[in-house]
Structures are given as structure tokens and as C-alpha cells.
Amino acid sequence: SQWCDVGSVPDFKQNSRLQLGSFNNLEVIPEGGEYKARSFSEDKAVITAETKGKMITMTRQMIINDDLGGFIRIARMMGHSAARTVGNDVYTYLMANNNMFDGVAMFDAGHNNLPTGAAPTAVALGAARTLMRKQKDVDDNDFLNIQPAYIICGVELEDTMNVLLASETDPSKANSKIPNPVRNMAQLITDPRLGATEWYMVAAPSEAPLIEVAFLDGNQTPYLESQNGFTVDGTMWKVRMDYGLSGIDFRG
């Protein structure tokens, strides 16, 4: 939820996300001269929401033998499950490196956003930052100068990244007094679902959203419903969420 854009869709149809090209630079208009019209190019990603859910049954005996805390625990577990499912889908999508709307993988040399794959160092992070800042708009006219906001990595790299982003001097240099050029460059996010050597650099979703998670009618709260059994004594609990996600802008 920190580095993904969060949006809303009104239905389960394909919903478009447009990105416009640049207006480009202004031109000199001589006295009595005519203004030239400018058209926009556009890229279009699509997001389709779907329903995900699960059901659990508590028998009459389980209810009698348990205290009222059991119902609270069920609701809490279902809420955690819903949030975890969204996170699983996001990180699975990120690691899968799916094709974007242009038929090219999210991270690809054709998108100029694929560093050499080196282990994290000041040089490696600086090279990735350079690629991000030199991204151009849809019309390939203007540099966007996008700044990295987050570094995302697996928990195995957590200590390495923390040292790298916090050190005053370059930690790769022994007894060095060379300033660390990537100090405080971005906020670190670690997640155990990522691989041991994987790391990503992403922009703020308000500037260049890499992935958007769109919820039906903007509702991010899991829907919980219970129903008492008739043919079988007990209570059935159901949880569902309606959402979809897609890669929006490889430039981020």
C-alpha cells in the first residue's frame, strides 16, 4: 500500500488507465502569427476487478465450547487473510515481470529500466537512479526526471540495504572518507515474499505509479458475512474482496 497506486473501478469490466504524452515546448509566435495545434499520444493499461473469497464453518459444539473471543479471532483472521492475498498478488505480479500494455516486459532493456542485476552497492543504486531520472514521456520528447521514493527487497538484503542507505560514507570503500552518494536516497521496504537477491527501485505512486491496485467502488475493506446453518448446526462465515491490479507505468 506504500508503493502501489490505489484506485477504484465501478464494475468487473476492463477499465482503462490512460497516460498522455507531453505538450512539448512552446514555440515562438510572430506578430500576427498562427498558433499550431498539438495532439497527444497516449498509452493505455487496463485493470479488471475480480472477486476473491473464502468460507469457514463453526459447528454448534465449537461455538459452545469456545468463548466469544472465537468470533473476534475469526473476523481478525479473515481480515488478515484478505490483506495478505492482495499483497501476495502484488508481489507475484512484480516478480513475474509480465508484459505491459506495449507487449514488452515491465522491466526490460527496451524500457530502459533494467540495470545490470548487480548486488546492491552505491554504484548499482546510482546506476538504477540514473535510468529512472532519464525516463522520457510517452512521446519520447521530455525527460521526466523521476526520483526514486522506495527501495524494495527481500529480507535477506535488509541489513545490507539499511547500511547502504544510512551510511555517511561509501560502505564499499575500506576506511573511506568518500561521501555515500545514495545516502537517504529512498525509503526501504522489505518483504519475505521477495527472493534473496531481488531488489527494485520505484517512484512514488503519485508521480509514476508502477502498479495500481483498484478496488470495486474504492472499497478496500473486506466484506464479512455470517449465516446460521439449518441442516447442520453451526455458523458459516464468508469473506470476500473485489479488486484487480495491473502494471501502469514502467517508467516508475
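Quick notes
- For K134, the requirement of being open to solvent by 30 Å² or more (accessible area, probe 1.4 Å), in contact with a Phe, Trp or Tyr (Cβ under 7 Å, 6 or more places away or on another chain) and without any contact (Cβ under 8 Å) to a residue 60 or more places away in the chain is met.
- Scanning the stretch 93-112 for residues that are closer than 24 Å to L157 by Cβ, open to solvent by 20 Å² or more (accessible area, probe 1.4 Å) and either among the acidic types (D, E) or in contact (Cβ under 8 Å) with a residue 40 or more places away in the chain (or both) gives Y93, M95, N98, F107, D108.
- Failed item in (1) more than 14 Å from the chain's Cα centre (by Cα); (2) surrounded by 17 or more Cβ atoms within 10 Å (Cβ to Cβ); (3) among the hydrophobic types (A, V, I, L, M, F, W, C), with L194 passing the rest: (1)
- Taken over the stretch 143-178, the criterion of being closer than 22 Å to L210 by Cα and loosely packed, with under 15 Cβ neighbours inside 10 Å is satisfied by F143, N145, Q147, V155.
- Candidate set from the stretch 57-74 (those that are of a type in the set (A, V, I, L, M) and surrounded by 15 or more Cβ atoms within 10 Å (Cβ to Cβ)); member that is modelled with the lowest pLDDT: I63
- Identity of the residue in the stretch 199-235, of a type in the set (V, I, T) and open to solvent by less than 80 Å² (accessible area, probe 1.4 Å), that ends up farthest from I72 (Cα to Cα): V202
- Filtering the stretch 236-248 for residues that are open to solvent by 30 Å² or more (accessible area, probe 1.4 Å), among the aliphatic types (A, V, I, L, M) and out of contact with any Lys or Arg (no Cβ under 8 Å at 6 or more places or on another chain) leaves a non-empty set.
The values are calculated or read from the model by the stated rules, or taken from the named source; none is laboratory data. Small disclaimer: the values here were computed from a predicted structure and weren't measured. Here Cβ is always computed from backbone atoms with ideal geometry, including for glycine, and neighbour counts include all displayed protein chains. Ligands, DNA and RNA are excluded from the accessible area calculation, which covers all protein heavy atoms including side chains. Shrake-Rupley method; radii C 1.70, N 1.55, O 1.52, S 1.80 Å.
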